[in-house]
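First the structure, which I've put down as C-alpha cells, then a few questions once you've had a look.
The values are calculated or read from the model by the stated rules, or taken from the named source; none is laboratory data. These numbers come from a predicted model, not from an experiment. FYI the Cβ positions are ideal-geometry reconstructions off the backbone, even for glycines, and counts take in every protein chain you see.
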Amino acid sequence: MKTNNPIVRLHLFTNRFYNKKWILLLILLSCFLNSCDSFVEVGLPNSQLTSPAVFEDKATATAAMVDIYNKIRDNGLLTGTSSGISNQLGNYTDELVCYGSTASVSIDFYNNALVATNSNISAMWNSSYNQIYCANSVLEGVKNAVALPTADRDQLSGEALFVRGLLHFYLTNLFGDLPYITSTDYKQNSNPKRMPQTEVYDKIKTDLTQAIALLPEAYISTEKVRPNKYAAIALLARVDLYSENWAEAAANATQVINNTTLYQWTSLNKVFLKNSTTTIWQLMPAVKGKNTFEGETFIFTAGPPTLTALSPGLLSAFTAGDLRKSWWTKAVTNGTTTWYHAYKYNQYQNTTTSLEYSIVLRLAEQYLIRAEAKAHLNDVIGAAQDLNAVRNQAGLGATTATTTEELLEAILKERRLEFFTEFGHRFFDLKRTNKLDSTLSVVKLGWDAKDQLWPIPATELLVNSNLQPQNYGY
Amino acid sequence: MNNYSFVKGWASCRRSSLLFLLVVCWTPMLSAQKINVKGTVSDATASLPGVTITIKNQPQTGTISDSKGHYQLLASPMDTLVVSFVGFKTAYIPIQGRSIIPIYLVYDTTNLQEVRVNAGYYSVKEKERTGSIARITAKDMETQPVTNVLATMQGRMAGVNITQETGVPGGGFNIQIRGINSLRADGNEPLYIIDGVPYASQVLSYSQISTNMPGDGSPLNSINPDDIQSIEVLKDADATAIYGSRGANGVVLISTKKGKQGKTQFAVNASKGVGQVTQTMQLMNTEQYLAMRRKAFANDGITQIPDYEYDVNGTWDSTRYTDWQKELIGGTAEITGVQTSVSGGNEQTQFLLSGTYHSETTVFPGDFIYKKAAFHSNINHESENKKFKLNFSANYTHQDNDQPWTDFTLTAMSLAPNAPALYDAQGKLNWENNTWDNPLANLEGKFKSKTGDMVANSLLSYQLFKNLELKSSFGYTNLHYKESRTTPSTLNNPAYNITSKNSSILVNNTNRQSWIIEPQINWKKEFGKSNVDVLLGGTFLNQDSDRFIIKGKGFTSNSLIYDLASASTITVINNQETAYKYQAFFGRINWNWQDKYILNATGRRDGSSRFGPGKQFATFGAIGGAWIFSKEQFVKNNAAFLSFGKLRASYGTTGNDQIGDYQFMNTYSSSGSSYQSVVGLQPSRLFNPDYGWETNTKLELALETGFLQDRIFFTWAWYNNKSSNQLVGIPLPATTGFSSLQANLDATVQNTGVEVTLRTSNIHTPQFTWTTNFNLSLPQNKLVSFPGLESSTYANQYVVGQSINIQKLYNNTGLNSQTGIYSFEDVNGDGLITYPDDSQAIRDFSPKYFGGLQNHLEYNGWQLDFLFQFVKQENYNWAYIAGLPGAFVNQSVYAADSWQQAGATSPYQKYSTGVNNDVVEAYYKYISSTAAVSDASFVRLKNIAISYDIPKQWIKELRGKIYVQGQNLLLFTPYKGADPEFRSAGYLPPLKVVTAGIQLNF
C-alpha cells in the first residue's frame, strides 16, 4: 500500500521485519557470526610434549637434561668415537700416529692439514652448539616451571650451567674468540659476534660458580654419571689454571682433593673402571652391556693398526718403571713390527654388564692442577708434593725438580704421560704454556704457527658474517 | 516451460490422431498419396531458423527451416518427421495426416554450454563461467577399466598433469595442476572435495611398510570411479579463491551419482579383463651377458676368476637362459568388476543405491590380490512447495590389498640371464648350493593393508524468501587404515639356519576422522537487465588423526607372526595424535548483465590451527570477469560464423597450509637414546611461532570461441601463478643450535603457461556422430628468486631462473678413447672432477608439453571412444638404474656396445668387474651425469572402448550394452628402457589392461 506519510511508511517498513522469517534469519546470522576465533586453537597434542609440560614434571625435565649427556657422549667434541677430540687432538699433536687411509678424516688432523671445509670440524661445531641450545632450553624451561620443587630446579639448572660452561670452554680453546650463547632465541643467536677469549672465560667462570652454588655435594644419581658440586669445582679449577688464576685454581682443586669420602686414589688398573674412586664425572653408555667408544676407537688386536697407534715419541717419554706404560698401553705385534695402543679402557666389545664408562673429570688432574698452581705461586714444596702424589700412583719415585721452571717442566711432562688420548689435554697444555710451536714443529712435518687454532667452519662464515675474520692462516 | 509446451502439442495431436487413423484405415489409396506438410519450428519463445526436418527412414528427403522458422515439405500421412537441431533434443513427430504441424523443440540440456558446472559452493552455466574449470563426466570414466580416480583424468584435462607411480594395485598417482608451486615436496597436493566434504589426501602408509611402492600409495584409491558423476578441476584464482588457504594447488571437486526421477531402474554391470606390464627393458641374453663378463675380467687383468663369481666361473650352467622379466613381472593380472545399482523416485524424492566390487590380481608370481568393495547411496528430496530441499549421500569403501613386500622389477632387470632355476626337482625353492638368493623367497614377506573409508554429506536448503535461500552442508569422514609388512626368517636361504627368532613384523594403525559444517546464504535478484547472485557462507572443519606404529620381533614360529602378543620384543616406533581445525568465512558476488558482461568476485577469510598464534588468519580473494562478445550486435552482424565468443580474465590470491600440524609449537620429542634407563627428550626443532601461509597469486586470461553453432569449440588460456612466502628451512648458523629454521622465505616460484582445447562435433546426424576433443598444455616453471640460495642447503638443488624440477649433473663428454673411461666437463677448471663444483649441468624433468586427443564415434548403436595421451619430457634412462656394466648384474642390450680396445669409440665405457677404481668412480659420476637423462617423451593409446547397445528388439524390458575396453594398450616412445612414465625409477611400470563386459538396465 503506497503512502507518502513517513511515519506510516516507517511502520510499514518495520512491519516487514516483524515477519517471523526475518527474525529467524537474524538469529541464525548472529549465531553464525558469533563463532569464535578460538575455534582454530588446538589443544596440546597428546603424543608430543610442549616445553612447559616437559619442565613441570621432574621425570620429563630430567629426561631433557640427561639427553644432553647422550649427545655429549655420542657426538661432538667429547665423544670417544674417532671423530671426537680424544682421537683427533691425539692425531693433531704428538700422541698418535695415524694409519687410516687417505680418505679417513683423521689423516687431515694427523697431517695438520685442516681447512675451513673440514667436515669433522663442522660436525663438532654444529653438535656443540646444538648441545648448548639444549642446555639453554633446560635453563629457560626450568626457570619458568613453577610446579617443580626448588631442589630439582636447582639440580637441573646447575647441571645445565655446568654443561654450558664445559662446552664453551672446549670451543674457545679450539677456535679462539667466539660467541657465548646464553639463550634459545634464534633471532639473537643468528648473527652473534666473536667475543674475546678473556670475556668468554669470564662467562664460563660465572656459569660454573653459579653451578657450584646450585649443585649438591652428593651425586644425584649413582655411578657419578651426572655432575655434582665437585664436578663443577673441578672444572672451575681447570678454567682458573688455564686463565692463570693460580690461587683460585689451587683453592678449588683443594676442595675436591680434600673430599676423601668421595674421591680417593686407587691402583692404576682400576682408575678407568666404572666404579673407580678417582672419577669425578663420567658418561654412562646408552645400553646395558656397552662400554666406552674410546675402547672401540683405540684398541686393535692385530697389526697393522686400523686407525691409530701411540706415537713412538710418547712411548719413549715413559721412564722405566712407569706403571702407566704397563697398564695403560698395550703392545700388538705381527711378528716383525710392534705397535702400541692406549689401553686405559680395556673393553672394546659389549660385556654382560658395562664395565667401563668414559671418564671426563678425574682426581689425578686436580692434583696436577694444584701442583702447577702452587709452582706458579712459588710454593715449590707444595707443588712437588702434589706432583709426587701422582708419580707415586704410577710407581715412580719423587720428582727431582726443585725450581719453579723445573717443576713446571716436570708437571707438563707428567700431564703428557697421565692424560694421553684423554680429551686433548696434551694440545691444550702445550698451547697454554706457549710450547706448541717449539714442541710440535720438530716432530710434525705439517705443523705451522696457524695450527694453534682451528678454522671456523666455512658454512658458518657464509651464514653469519659477524664471525669474521676467520682465524689467521685459513 | 519447454516441456510443458511440448506436452501440450502432443496432447492436441493425440486427439486428432484417433480421428485421422479411422479415416486412413478406410482409405488405403489415400495413404500412398503425398501431402504438403508445413509449420513453424520454435523453442516456445522464439522461432528457430536452420532446423533440419527430414522424414524418418528417408534421410535424403528433407528441408531446413527458414529465417522465420517456417518449413515445408512433401510427405506421406503415415510418415514421421525427424526434427533435429544442435542444442535441442531431436524430436520425432508422426504426421498422421496433418498438413500443418507446429514443432516445438526442447533444449537438450546435455548441450555443453548449458550444463551447470559445479564450481564448489555454487554452480554456474558453462557459458557464463568466469573461472578456469576443467571437467570430465561419468561418460568419460565409464570407458576406462581403472580403480583410481586420478587414472581416469589422465590426458583429458588441460593443465592437469598426472603421472602413475607404479603398476602395483593400491599405488599412487602424482598430480600437478598448473605446475609445482611449493619448494617443499609435500606442499603440492590439491584440495580434494567429495560431495562438498574435504577429503584429506595425506598418505596414511608408513614408508617402512609400503616398501613395494614408491611414494607410499594413495588414499584416493578409496574413491570408487564407478560412483562418480563428474569431476571438476578448478585451476585459476576465480575458481579457487573461494577455497582460500587450501586452493593454491588447485581444487578437485568430485560429485557422486544422484538418483533420478522416474521409474525404478536397476542396472547391472559386470566385466572381466586381463592386464600385463606395458613395456619392459630389452636385456642381454646369456651369450651377450657372459661375453660382457668375460671381457670385464679381461679388462681388469684377472685370469683366475674368483670363486664367488658364479655366473662365469662354471658354477652355474653357462647355457641356461631365463627371461627374468617374464618370470617375475610378466604374469597376467586378472581383473573382475561387478556393479549394481537401483535408482528411482518421483518428483519429490529420488534415490540411488549402488554397490561395486572390484578385484585385481598381480603380474608378480604367487597369489596376491587387491579387492575393493564400495557402497554408494544418495537421496534427494524436495518438499511439495519446493522450498525445502534435502540432499544426502553416503559412500563407504573397503579395500583389501595383499601384495608381496617388494617390487620384483629391479630384481628382474638385474638377475644374470643364466641364473639358476627357481625350483629344484622336488618342487622346492632352488638355492643352487647357496650360490644365489632365490627371488621367489621374497614371496614369503607380505604386505597387507585394509582400509575402511566412509564419506557422508547432507545438504539442506530452505527457500526463506523468494530470492533468499538458506542452506547448510554437514559432512563426515571416517577412515580406518591398517597395514603390516612381515619379514619372516623364511625369506632367507634355509642353509643359514635363521630361525623365527629373527622374524619381525611392522604394523601401522592409522585412523582419521573429520567433520565439516558449512552454513550458507544465497540471494539472487534480477534488476532490470542484470542478475545479481550473492553467496555468503562459513566453514567449520575439525580433523583428528591418530597413528600407532609398532614393531614386533622374535617369534617362536613364523605362523605366529601376525600375533604381536607372541613377539619377544615389541618396540613402539610412533604413537601420535594430531588435531587440525579450520574455520573460514567466504563470499561471492556475481553480477551478470544481460548474459553479456559477467563479473564475479570471491573472497575468503581463513583460519587454520597449523599456524602460530597471531598468524592463524589470512584473507584471500579474487575477481574474475567475462565478456561474451558473441552477443554484441557488431559481432552478430559481421561474424555470423561465430556462435559463441567469450573473453575472460581473473586475478586473485590463494594460500597453502599443508605444513603439518603443531610445527609452531615449542616441543620436545623422544631422542631414542637412553641415559640411566631414561629415554632422553630433546627439543624437536628451532621454535618459530611466527610462520604463516604460503601465498599464491594467480592471473589468467582466456578466450573461448565457438564456430558453426558450437560445432567447433576452441579455447585458449594463458596463466601466470606466483607462489611466494615459501615455507622452507632457512639456513641458520649453528650457533642457533640448529642448522635451519622452518620459516617463510621470500623465495618465489612462478608457473606460467598456455592451455589450448579444441572440441569439434565433426559429424552430427541421427545415424552417425563423431566428436573430437583435443587438449594441449604448455607449462613453464621457474624459480624467480631465492635470496641466500648459495648459502642454503638448497644450493645444489635449485638455480634461480630455472625450473624447480631440475637436477644438477655432471656433463658427460663421451669417453677417452685411449683409456676407455668416461670423461666429464671440468667446469671449474681445477683439473679434478668433484662435487658440487663440476656438477653444474641442468636437466629439467618437467614436461615441456602434454595433452590428449580423444575421439568419440557413434553409429547405429555402436560406440567407439579412444584417447591418445602424449607427453614431451626427459627422464632418467636405463643406465641410471643399471648396475656397473661388467659386474655380476645383468644389463640392457645397449650396454653391449662398450669400448673394447684403445682407439675405439663407443657410447659406453670399458667393462669392469668392480676392481678398477677409475672405472668405478667414472660409473658413479656417469649415473649422476647428463648421460643418465634422455628423451622420455611418449604417445600412448591411453584408452579405447567399443560398445554396442543391445537393440531394443532382443529383449523388450531390457536395455543394455556389451563392451570391450582397453587402457594403456599402445606405447610409442623413443625411450630405451621400460615404460617412460614414472617418478621413481626401478618400480613396476603401469599395466595395459583389456576388459570385456556387459551392462544391463531394466
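Looking at this structure, is A:Ile27 at pLDDT below 65, surrounded by fewer than 17 Cβ atoms within 10 Å (Cβ to Cβ) and among the aliphatic types (A, V, I, L, M)?
Values: at pLDDT below 65: yes; surrounded by fewer than 17 Cβ atoms within 10 Å (Cβ to Cβ): yes; among the aliphatic types (A, V, I, L, M): yes.
The answer is yes for A:Ile27.
Restricting attention to region B:491-500, report how many residues are touching a Ser or Thr at 6+ places or on another chain (Cβ under 7 Å) and either free of Cβ contacts under 8 Å to residues at least 12 places away in the same chain or within 14 Å of another protein chain (Cβ to nearest Cβ) (or both). Break it down stepwise before answering.
In the first step, residues of region B:491-500 are kept if they are touching a Ser or Thr at 6+ places or on another chain (Cβ under 7 Å); the result is B:498-500.
The next check asks that each one be either free of Cβ contacts under 8 Å to residues at least 12 places away in the same chain or within 14 Å of another protein chain (Cβ to nearest Cβ) (or both); those that pass are B:498-499.
Of the residues in that region, 2 qualify.
Scan region B:544-584 residue by residue and report those that are crowded, with 19+ Cβ neighbours inside 10 Å and under 30 Å from B:Lys615 (Cβ atoms).
Hits for region B:544-584 are B:Ser545, B:Arg547, B:Thr578, B:Tyr580, B:Lys581, B:Tyr582, B:Gln583, B:Ala584.
Which pairs have Cβ atoms under 6 Å, sit 6 or more apart or on different chains, and link a residue in region B:516-538 that is within 14 Å of B:Ile589 (Cβ to Cβ) to one that is among the acidic types (Asp, Glu)?
The qualifying pairs are B:Asn522/B:Glu469; B:Lys524/B:Asp533; B:Gly537/B:Glu518.
To keep it simple, each residue is scored yes or no on (1) among the hydrophobic types (A, V, I, L, M, F, W, C); (2) at pLDDT 95 or above; (3) outside any loop (DSSP other than H, G, I, E, B).
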site: A:Asn269; (1), (2), (3): no, no, yes
site: A:Lys274; (1), (2), (3): no, no, no
site: A:Ile280; (1), (2), (3): yes, yes, yes
site: A:Lys288; (1), (2), (3): no, no, no
site: A:Thr301; (1), (2), (3): no, no, no
site: A:Thr306; (1), (2), (3): no, no, no
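Name, by its number, the condition in (1) surrounded by 21 or more Cβ atoms within 10 Å (Cβ to Cβ); (2) of a type outside the set (D, E, K, R); (3) away from every other protein chain (no Cβ under 14 Å) that does not hold for B:Ile730.
(3)
For region B:610-647, give me each residue that is of a type in the set (Val, Ile, Thr) and more than 14 Å from every other protein chain (Cβ to nearest Cβ). If you could, list the steps in order and put the result at the bottom.
Taking region B:610-647 first, the residues of a type in the set (Val, Ile, Thr) are B:619, B:623, B:628, B:635.
Hits for region B:610-647 are B:Ile623, B:Ile628, B:Val635.
Among the candidates A:Thr319, A:Thr279, single out the residue that is surrounded by fewer than 18 Cβ atoms within 10 Å (Cβ to Cβ) and either in contact (Cβ under 8 Å) with a residue 40 or more places away in the chain or over 26 Å from A:Leu440 (Cβ atoms) (or both). Give the derivation first.
Numbers: A:Thr279 fails: surrounded by fewer than 18 Cβ atoms within 10 Å (Cβ to Cβ).
Within the list A:Thr319, A:Thr279, the selection yields A:Thr319.
For residues that are hydrophobic (A, V, I, L, M, F, W, C) and part of a loop (DSSP other than H, G, I, E, B), scanning just region B:802-851, find the one that is nearest to the chain's Cα centre (by Cα). First the steps, then the outcome.
Let us first name the residues in region B:802-851 that are hydrophobic (A, V, I, L, M, F, W, C), namely B:804, B:806, B:809, B:815, B:821, B:824, B:827, B:832-833, B:841-842, B:845, B:850.
Still in the list and also part of a loop (DSSP other than H, G, I, E, B): B:804, B:821, B:827, B:832-833, B:845.
Values: B:Ile804: 22, B:Ile821: 43, B:Val827: 41, B:Leu832: 45, B:Ile833: 42, B:Phe845: 19 Å.
So, considering only residues that are hydrophobic (A, V, I, L, M, F, W, C) and part of a loop (DSSP other than H, G, I, E, B), the one nearest to the chain's Cα centre (by Cα) is B:Phe845.
Among what's in region B:936-990 and is under 17 Å from B:Pro145 (Cβ atoms) and among the charged types (D, E, K, R), pick the residue that is farthest from the chain's Cα centre (by Cα).
The qualifying residue farthest from the chain's Cα centre (by Cα) is B:Lys961.
Right, next: Could you check, for region B:771-782, whether at least one of its residues is part of a loop (DSSP other than H, G, I, E, B), farther than 28 Å from B:Gly655 by Cβ and polar (S, T, N, Q)?
Step one: list which residues in region B:771-782 are part of a loop (DSSP other than H, G, I, E, B), which gives none.
Looking for residues that are part of a loop (DSSP other than H, G, I, E, B), farther than 28 Å from B:Gly655 by Cβ and polar (S, T, N, Q), one finds none in region B:771-782, hence no.
Would you check which residues across region A:165-184 are more than 12 Å from every other protein chain (Cβ to nearest Cβ), among the small types (Gly, Ala, Ser) and either surrounded by fewer than 23 Cβ atoms within 10 Å (Cβ to Cβ) or touching a Pro at 6+ places or on another chain (Cβ under 9 Å) (or both) and list them? It would help to see each step written out before you state the result.
First pass over region A:165-184, keeping only residues more than 12 Å from every other protein chain (Cβ to nearest Cβ): A:165-166, A:169-170, A:172-174, A:176-177.
Keeping just the survivors that are among the small types (Gly, Ala, Ser) gives A:165, A:176.
Once the filter is applied, which keeps residues that are more than 12 Å from every other protein chain (Cβ to nearest Cβ), among the small types (Gly, Ala, Ser) and either surrounded by fewer than 23 Cβ atoms within 10 Å (Cβ to Cβ) or touching a Pro at 6+ places or on another chain (Cβ under 9 Å) (or both), region A:165-184 yields only A:Gly176.
Under 33 Å from the mean Cα position of the chain (by Cα) and of a type outside the set (Ser, Thr, Tyr) - does that describe any residue in region B:627-636? Break it down stepwise before answering.
Restricting attention to region B:627-636, the residues satisfying the condition of being under 33 Å from the mean Cα position of the chain (by Cα) are B:627-628.
So of that shortlist, the ones also of a type outside the set (Ser, Thr, Tyr) come out as B:627-628.
Scanning region B:627-636 turns up at least one residue that is under 33 Å from the mean Cα position of the chain (by Cα) and of a type outside the set (Ser, Thr, Tyr).
Could you list, in sequence order, all residues of region A:205-251 that are among the acidic types (Asp, Glu) and either touching a residue at least 60 places away in the same chain (Cβ under 8 Å) or in a loop (DSSP other than H, G, I, E, B) (or both)?
Quick first cut of region A:205-251, residues among the acidic types (Asp, Glu) only: A:207, A:217, A:223, A:240, A:244, A:248.
Selection gives A:Glu217, A:Glu223, A:Asp240, A:Glu244.
Of all residues in region B:501-535, count the ones that are in contact with a Pro (Cβ under 8 Å, 6 or more places away or on another chain) and more than 14 Å from chain A (Cβ to nearest Cβ). Don't jump to the end; show me each part of the working.
Taking region B:501-535 and keeping what is in contact with a Pro (Cβ under 8 Å, 6 or more places away or on another chain), we get B:503, B:514, B:516.
After this cut, where a residue has to be more than 14 Å from chain A (Cβ to nearest Cβ) as well, the list is B:503.
Going through region B:501-535 one residue at a time, the tally reaches 1.
When you go through (1) in contact with a strand residue (DSSP E or B) (Cβ under 6 Å, 6 or more places away or on another chain); (2) without any contact (Cβ under 8 Å) to a residue 12 or more places away in the chain; (3) small (Gly, Ala, Ser) one by one for B:Ala584, which number turns out not to apply?
(2)
Based on this model, can you work out whether A:Ala458 counts as without any contact (Cβ under 8 Å) to a residue 40 or more places away in the chain, surrounded by 15 or more Cβ atoms within 10 Å (Cβ to Cβ) and not β-branched (Val, Ile, Thr)? Even if it seems obvious, please write down each step before you answer.
On the way: without any contact (Cβ under 8 Å) to a residue 40 or more places away in the chain: no; surrounded by 15 or more Cβ atoms within 10 Å (Cβ to Cβ): yes; not β-branched (Val, Ile, Thr): yes.
Spelling it out, it is not the case that A:Ala458 is without any contact (Cβ under 8 Å) to a residue 40 or more places away in the chain, surrounded by 15 or more Cβ atoms within 10 Å (Cβ to Cβ) and not β-branched (Val, Ile, Thr).
What are the residues in region A:223-248 that are buried (at least 21 other Cβ atoms within 10 Å of the Cβ) and under 25 Å from A:Thr353 (Cα atoms), if any?
Passing the criteria: A:Lys224, A:Val225, A:Arg226, A:Pro227, A:Asn228.
May I pose another question? Mind listing just one residue for me: the one in region B:586-612 that is of a type in the set (S, T, N, Q) and in a loop (DSSP other than H, G, I, E, B) and, of those, farthest from the chain's Cα centre (by Cα)?
Among those that are of a type in the set (S, T, N, Q) and in a loop (DSSP other than H, G, I, E, B), it is B:Gln594.
Output the residues belonging to region B:702-752 that are over 29 Å from the mean Cα position of the chain (by Cα) and assigned to a strand (DSSP E or B). Walk me through it before giving the result.
Going residue by residue through region B:702-752, those that are over 29 Å from the mean Cα position of the chain (by Cα) are B:707-709, B:729-746.
Once the filter is applied, which keeps residues that are over 29 Å from the mean Cα position of the chain (by Cα) and assigned to a strand (DSSP E or B), region B:702-752 yields B:Phe707, B:Gly729, B:Ile730, B:Pro731, B:Ser740, B:Leu741, B:Gln742, B:Ala743, B:Asn744, B:Leu745.
Related question: Out of region A:49-87, which residues are more than 7 Å from chain B (Cβ to nearest Cβ), assigned to a helix (DSSP H, G or I), without any contact (Cβ under 8 Å) to a residue 60 or more places away in the chain and in contact with a helix residue (DSSP H, G or I) (Cβ under 7 Å, 6 or more places away or on another chain)?
Scanning region A:49-87 gives no hits.
Now a separate question. Of the numbered conditions (1) among the aromatic types (Phe, Trp, Tyr); (2) touching a strand residue (DSSP E or B) at 6+ places or on another chain (Cβ under 8 Å); (3) within 12 Å of chain B (Cβ to nearest Cβ), A:Tyr129 fails exactly one; give the number of that condition.
It fails just one condition, (2).
On to the next question. Can you pull out the residues in region B:681-705 that are over 12 Å from B:Asn744 (Cβ atoms), within 14 Å of another protein chain (Cβ to nearest Cβ) and of a type outside the set (Ser, Thr, Tyr)?
Matches in region B:681-705: B:Leu681, B:Gln682, B:Pro683, B:Arg685, B:Leu686, B:Phe687, B:Pro689.
If you don't mind, there's one more thing I want to ask. Any idea which of B:Tyr582, B:Tyr662 is outside any strand (DSSP E or B), more than 18 Å from B:Gln113 (Cβ to Cβ), facing another protein chain (nearest Cβ under 9 Å) and not acidic (Asp, Glu)?
Values: B:Tyr582 fails: outside any strand (DSSP E or B).
It is B:Tyr662.
Suppose we keep only residues that are within 14 Å of chain A (Cβ to nearest Cβ) and surrounded by 15 or more Cβ atoms within 10 Å (Cβ to Cβ) within region B:753-790. Which one would you say is farthest from the chain's Cα centre (by Cα)? Full working, then the answer.
From region B:753-790, those within 14 Å of chain A (Cβ to nearest Cβ) are B:787-790; that's our starting set.
Now drop any that are not surrounded by 15 or more Cβ atoms within 10 Å (Cβ to Cβ), which leaves B:788-789.
Values: B:Gly788: 36, B:Leu789: 33 Å.
Ranking the candidates gives B:Gly788 first.
Just the residues that are in a loop (DSSP other than H, G, I, E, B) and closer than 26 Å to B:Ser393 by Cβ, please, taken from region B:170-193. Talk me through it step by step, then tell me what you get.
Quick first cut of region B:170-193, residues in a loop (DSSP other than H, G, I, E, B) only: B:170-172, B:178-184, B:188-190.
Across region B:170-193, the qualifying residues are B:Gly170, B:Gly172, B:Glu189, B:Pro190.
Condition (residue is among the hydroxyl-bearing types (Ser, Thr, Tyr) and either away from every other protein chain (no Cβ under 14 Å) or in contact with a Leu (Cβ under 6 Å, 6 or more places away or on another chain) (or both)) applied to region A:454-465: is it met by at least one residue?
Initial filter on region A:454-465 (among the hydroxyl-bearing types (Ser, Thr, Tyr)): A:459, A:465.
The next check asks that each one be either away from every other protein chain (no Cβ under 14 Å) or in contact with a Leu (Cβ under 6 Å, 6 or more places away or on another chain) (or both); those that pass are none.
No.
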